[in-house]
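Chemist: Following this message is one structure expressed as structure tokens.
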Amino acid sequence: MSITFINIKNNITAKKNQIRFLEKNLENKKSQIKNIHSKLLQKNLNLENIIFDNGINFFKNSSRQIKINNEQYELVEFKSDDIIFAKHPEASSSAYIHLNDDDIYLMTATGQLVHTKYKDFRNEAFKMNVINTNIQDLIKYSEFYSSTAFGIKDFLISDKNQIFVSYIKKHYADCYSTSILKGSLNKEYIEFKEFYSPKKCINKNESFYNGNKYDHMVIHQSGGRMFEDNNILYFSTGEFRYRILAQDINSDYGKLLSINLLTNDKSIISMGHRNPQGIYIDNSSRNLFSTEHGPSGGDEINILKLDIKSSGIPNYGWPISSYGRHYHDDNDDKDSRYELSPLYKSHKKHGFIEPIKYFDPSVGISQITKINNNFYKSNQNSFVVGTMGSAKKIKEGMLSLYFFSLKDDKVINEQLIPIGSRVRDLAFNDKENNLVLYLETNNSLAILKKIN
């Protein structure tokens, strides 16, 4: 063996050891921050409140061109180092966005709310201003305010300037639900009150869990997406890994719900859902689109036809039908719970509604929205979906934008565009003709715009 080769090998070994040391040091720093934050919370102090005191800063971090549908686009990212908590181990931070008039609003997964003018995206840097709220007075448990799966699941501003926030509510020790807060939009201060909460929370001691640890995976399957249309709030709920609840008509879990904002009447509008992560209503067709996380494989895009009355509640099949498979680490071949979750590979044959699209392997599907033909050239209605997935083990379709058009309820003109980050949320700005993204791998707000 030559001396040169030995030197190269030794250098590689030294670099690997250096990387391991840096990774270990980083984990130690994270642990120290977590400990400090925990002690602050015991004194009713929130680390993000301190960081956000004078607003949060974004600066232009990158710009690159992307080809979509044989046309050129520019993806511009504005990064912030101020958002520090993530609700998934693959993310650096987590947040949601909402466009309202000429403003953009952002809410972190720990409930910090900020806003700025949309035109600020034309600058090299900008600051988003804080809106104070009483969320910390209403939500007391510490897991909510740190990097855990507990936290905000979505927020929106209605046509009447009411703001709704979905979140993981702790009813009592080890018992949680996906619930909604409501307040009146005010850029100085918002006082939230409880708007919706299911009568029954999900307890880790439920017999269905069979003594398994009530871990972060259960909370991840909680849904929480919202969409407001004509004084109706549409709301998705996950089944918290209590799979059979999705087929229980007396349970709010694993459902799409509608809540009348004038009367507060609640209805189940569809069932058989696992973990819906996106909702969009296309007013031209009156189709409600929902995106849904499957298990190992089987992420779905579904359509609910709002103007067609059904003899029963439309049923999408989970956990009886799914194009996914149970996770191997669930010991599915030994667990009697899986007899109730056969995951048949057809929906229609078992009386359920087929998805218009499913992904295998799973892509970590997130929000969906419609885009216009000026932005995405097509003779049909076109839509875009964000995907998340793992940056450590990237599979096709993860960390991407999925574009498609729809003709006679059939998916056509599909394109998967990798962008290298988990797309937690997205919204289309018709006025500016561009797409806004929150990229939680990169801690950034991003604008995707067409190059004329």
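Chemist: All but one of (1) free of Cβ contacts under 8 Å to residues at least 12 places away in the same chain; (2) farther than 29 Å from Asp229 by Cβ hold for Asp101, so report the exception by its number.
Modeler: Only one criterion in (1) free of Cβ contacts under 8 Å to residues at least 12 places away in the same chain; (2) farther than 29 Å from Asp229 by Cβ is unmet by Asp101, namely (2).
Chemist: Find the residue count for segment 108-126, including only residues that are farther than 19 Å from Glu188 by Cβ and out of contact with any strand residue (DSSP E or B) (no Cβ under 6 Å at 6 or more places or on another chain).
Modeler: Looking only at that region, the number is 4.
Chemist: Every residue in segment 83-116 that is at pLDDT below 95, acidic (Asp, Glu) and farther than 21 Å from Gly364 by Cα, please.
Modeler: Asp101
Chemist: Moving to a separate point now. For Asn129, only one of the following conditions fails: (1) under 19 Å from the mean Cα position of the chain (by Cα); (2) assigned to a strand (DSSP E or B). What is its number?
Modeler: (1)
Chemist: Sticking with this one: Could you pull out every one of the strands (runs of 3 or more DSSP E) wholly within segment 198-313 that has 2 or more residues that are farther than 26 Å from Glu143 by Cα and free of Cβ contacts under 8 Å to residues at least 40 places away in the same chain? If you could, list the steps in order and put the result at the bottom.
Modeler: Values: elements: 223-229, 232-237, 255-260, 266-271, 276-282, 287-292, 299-305.
Correct list: 255-260.
Chemist: Suppose we keep only residues that are of a type in the set (Phe, Trp, Tyr) and in a strand (DSSP E or B) within segment 184-197. Which one would you say is surrounded by the fewest Cβ atoms within 10 Å (Cβ to Cβ)?
Modeler: The qualifying residue surrounded by the fewest Cβ atoms within 10 Å (Cβ to Cβ) is Tyr189.
Chemist: Take the residues in segment 123-148 that are aromatic (Phe, Trp, Tyr) and out of contact with any His (no Cβ under 9 Å at 6 or more places or on another chain); name whichever of them is surrounded by the most Cβ atoms within 10 Å (Cβ to Cβ).
Modeler: The extreme case among them is Phe144.
Chemist: Also, I was wondering about something else. What are the residue pairs meeting all of these: first residue in segment 169-185, first residue under 22 Å from Glu239 (Cβ atoms) and of a type in the set (Lys, Arg), second residue surrounded by fewer than 16 Cβ atoms within 10 Å (Cβ to Cβ) and modelled with pLDDT under 95, Cβ atoms under 8 Å, and 6 or more apart or on different chains?
Modeler: Short answer, once both residue conditions are applied: Lys170/Lys140; Lys170/Tyr141.
Chemist: Can you find, within segment 151-183, the residue that is farthest from Ile131 (Cα to Cα) among those that are assigned to a strand (DSSP E or B) and charged (D, E, K, R)?
Modeler: Taking segment 151-183 first, the residues assigned to a strand (DSSP E or B) are 152-157, 162-172, 175-183.
Pick out the ones that are also charged (D, E, K, R) and you get 153-154, 169-170, 182.
Values: Lys153: 18, Asp154: 17, Lys169: 22, Lys170: 24, Lys182: 15 Å.
Residue satisfying both the conditions and the ranking: Lys170.
Chemist: On to the next question. Could you run through segment 99-115 and say how many residues are of a type in the set (Ser, Thr, Tyr) and more than 12 Å from Val436 (Cβ to Cβ)?
Modeler: Keep residues of segment 99-115 that are of a type in the set (Ser, Thr, Tyr), which gives 105, 108, 110.
Checking the rest, the ones that are also more than 12 Å from Val436 (Cβ to Cβ) come to 108, 110.
Counting residues in segment 99-115 that are of a type in the set (Ser, Thr, Tyr) and more than 12 Å from Val436 (Cβ to Cβ) gives 2.
Residues are listed down the side, and each one gets a yes or a no for (1) under 16 Å from the mean Cα position of the chain (by Cα); (2) of a type in the set (A, V, I, L, M); (3) modelled with pLDDT of 95 or more:
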| residue | (1), (2), (3) |
| --- | --- |
| Leu233 | no, yes, yes |
| Thr237 | yes, no, yes |
| Ser270 | no, no, yes |
| Gly278 | yes, no, yes |
| Ile281 | no, yes, yes |
| Asp299 | yes, no, yes |
| Lys305 | no, no, yes |
| Ser310 | no, no, no |
| Asn315 | no, no, yes |
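Chemist: Residues in segment 62-80: is at least one charged (D, E, K, R), loosely packed, with under 13 Cβ neighbours inside 10 Å, part of a helix (DSSP H, G or I) and out of contact with any His (no Cβ under 8 Å at 6 or more places or on another chain)?
Modeler: no
Chemist: Is one or more of the residues making up segment 109-122 buried (at least 21 other Cβ atoms within 10 Å of the Cβ), β-branched (Val, Ile, Thr) and assigned to a loop (DSSP other than H, G, I, E, B)?
Modeler: yes
The values are calculated or read from the model by the stated rules, or taken from the named source; none is laboratory data. None of the values given here were measured: they were computed from a predicted structure. Cβ atoms come from the backbone with ideal geometry, glycine included; neighbour counts cover every protein chain shown.
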